[in-house]
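See structure below.
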Amino acid sequence: MKVFGVDIGGSGIKGAPVDLERGDLEEPRYKVLTPHPATPEGVTEGVAHVVEHFSWSGPVGITFPGVVTGSVIRTAANVDAAWVGTDAGRLIGDRLGIPVNILNDADAAGVAEMTFGAGQGRKGVVLLLTFGTGIGSAFFVDGRLVPNTELGHLELNGHEAEKHASSKVKDDHDMSWHHWAQRVEKYLKHVEMLFSPELFIIGGGVSRKADRFLPLIKGIRAEMTPAQLENNAGIVGAAMAAGGR
Ligand code: BGC
């Protein structure tokens, strides 16, 4: 079965048709820049642009970088505050003329990794953390998702963790891998103290460069592994959710 997946991120809106049996993109993904400010109307146009690029008319799954209950957006840390309270399913579905399914971006990435990537067959507590514009989290117990955990907003050194240890912070401050890895280590220790996961899956665009920073992180009891679907995990997970997987 083929379903279209869209990943709304702080810098780009990307999408592609996904083959749900293989858990992979059917065609190279297409990306437009996220408008700034990232208002509901502007982002909806961006999503429509991506979907229409493929002349797609089947089911569509979409990730959102905030808490989503049903299809209503509840938080918007890295996009325009006007999203809060918006029924994104209705807004985007009406624009596309197709019913759509919306879920949190890290949850989508986590579902894809648990089925097709680094978390396959893993039991117990597994935590996927995405390092990007913010820090996203997906929490699994015996393979089942506990949705909308927001572990990027834990407090660390008197700051929200994602304002201290996201990969955007690394880029904005031109930090060395070593300096940034120390912050990530501190964050992982804090999360480990609270939840004792068996496995951390490290996702987000920066997971492509995991060999540059994961070996620098010491003293974590849990196994740590980079995400395998890299930047496509959100698109695949969004499509899975819309395809009922
Ligand atoms: C949001 C999360 C999101 C994460 C990654 C955070 O700021 O609150 O919902 O998963 O960024 O985009």
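The values are calculated or read from the model by the stated rules, or taken from the named source; none is laboratory data. Just so you know, these numbers come straight off a predicted model, no measurement behind them. Cβ sites come from the backbone with ideal geometry, for glycine too, and all protein chains shown count toward neighbours. Surface areas here come from the heavy atoms of the whole protein model, side chains and all, with no ligands, DNA or RNA. Shrake-Rupley method; radii C 1.70, N 1.55, O 1.52, S 1.80 Å.
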Just to be sure before I move on: is Phe131 closer than 18 Å to Leu188 by Cα, under 13 Å from the mean Cα position of the chain (by Cα) and within 11 Å of the ligand (Cβ to nearest atom) in the structure I sent?
yes
All but one of (1) open to solvent by 20 Å² or more (accessible area, probe 1.4 Å); (2) touching a Gly at 6+ places or on another chain (Cβ under 6 Å); (3) within 16 Å of the ligand (Cβ to nearest atom) hold for Phe116, so report the exception by its number.
(3)
Lone qualifier among Gly46, Gly9 - being at pLDDT below 95 and open to solvent by less than 20 Å² (accessible area, probe 1.4 Å):
Gly9
Taking the stated definitions as given, is Gly121 outside any strand (DSSP E or B), closer than 30 Å to Leu214 by Cβ and open to solvent by 20 Å² or more (accessible area, probe 1.4 Å)?
yes
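Identify all residues within the range 196-216 that are open to solvent by 50 Å² or more (accessible area, probe 1.4 Å) and under 20 Å from the mean Cα position of the chain (by Cα); write none if there are none.
Arg208, Lys209
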Positions within the range 62-86 being within 12 Å of the ligand (Cβ to nearest atom), within 16 Å of Gly42 (Cβ to Cβ) and either touching a Phe, Trp or Tyr at 6+ places or on another chain (Cβ under 6 Å) or not hydrophobic (A, V, I, L, M, F, W, C) (or both), in sequence order:
Pro65, Gly66, Ile73, Ala76, Asn78
Which members of the range 49-72 meet the condition of being without any contact (Cβ under 8 Å) to a residue 60 or more places away in the chain, buried (at least 18 other Cβ atoms within 10 Å of the Cβ) and over 13 Å from Gly10 (Cα atoms)?
Val50, Val51, Trp56, Ser71
Pro28 is checked against (1) within 16 Å of the ligand (Cβ to nearest atom); (2) touching a residue at least 12 places away in the same chain (Cβ under 8 Å) and fails just one. What number does that condition carry?
(1)
Would you tally the residues in the range 177-208 being part of a helix (DSSP H, G or I) and at pLDDT 95 or above?
19
Test for Leu33: is it open to solvent by 30 Å² or more (accessible area, probe 1.4 Å) and either out of contact with any Gly (no Cβ under 8 Å at 6 or more places or on another chain) or modelled with pLDDT of 95 or more (or both)
yes
Do the conditions hold for Gly89, that is, is it in a helix (DSSP H, G or I), under 17 Å from Met240 (Cβ atoms) and either open to solvent by 60 Å² or more (accessible area, probe 1.4 Å) or within 14 Å of the ligand (Cβ to nearest atom) (or both)?
no
Residues satisfying the stated conditions in the range 97-113, i.e. more than 9 Å from the ligand (Cβ to nearest atom), open to solvent by less than 10 Å² (accessible area, probe 1.4 Å) and not hydrophobic (A, V, I, L, M, F, W, C):
Gly110, Glu113
Test Val126 against the criterion of being among the hydrophobic types (A, V, I, L, M, F, W, C) and over 25 Å from Arg208 (Cβ atoms), and give yes or no.
no
